[in-house]
Every structure is written in structure tokens, then in C-alpha cells.
Amino acid sequence: MHADTVFLSCIFTELCYDTYRLPKLKQMEEKTMSDTPIKEYVTKDMIIGEIIAKYPPAAYALMACGMGCVHCGAAQGESLAEAAAVHGLDASEICAFVNEWLQDKVPA
């Protein structure tokens, strides 16, 4: 991948992080235990490529978390937990965020 493309991808990922992740995480923290249970679409053991293939909107959620996995070749064989570790992120937090993100985007 060309260096300019990588640089722009990193900037885009950071913009997504600031624009989408932070407000969404704040909303998630404000939810109470009495809210409707969240369906688990994604688990830490799932391969990133499989997640994106099965739930395309998950790509936006992953980018919002600071994971540019949709652009990475390693995503085809790396689990969400492995990818999170590479980026220094908490896989459980990412799973919760992606599952919350997918609630209204995946048909029941």
C-alpha cells in the first residue's frame, strides 16, 4: 500500500474515532440495566473478515473504534481479539460497541 494511502487511512480512522466512537460509547455508558438486552452478533473469537462479510455495517463500527481492519490483509485470518491486541484496545469493549452498533442495522 502506498504511504500516502496509509497516512490518509490513518487520518480517516482517527476522524471516525472522534466523530462516532466517543459519542456512541457515552450513549452506551448511559444505558441502564433495564434496557432491552443487546443481541450478540459479534464475538471476540470471530475473524474480522468474516464479521465484515456477514455484517457489512460492522466495518464502520470497527473503524470508529480505531481499527482500520477493513483495509488490512491480516483481517482475513485475524480474530477480533487478536486485532484488538495489535491495536492496544480492549476486545470486550469493541465487541460491545460493534454489537450495539449493529442492533438497528441488521434485520431481525
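Nothing in this text is a laboratory measurement; each read-out follows from the coordinates by a stated rule. Everything numeric here is computed off the predicted structure, so don't read it as measured data. Virtual Cβ from ideal backbone geometry, glycine too; neighbours counted across all protein chains shown.
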Q: Evaluate the distance, in nm, between pseudo-label points positioned 7 Å from the Cα of residue 76 and of residue 92 along their respective Cα→Cβ axes.
A: 3.3 nm
Q.
Modelling each spin label as a point 7 Å along the Cα-to-Cβ direction, I'd like the residue 60/residue 39 distance in nm, to one decimal.
A. 1.8 nm
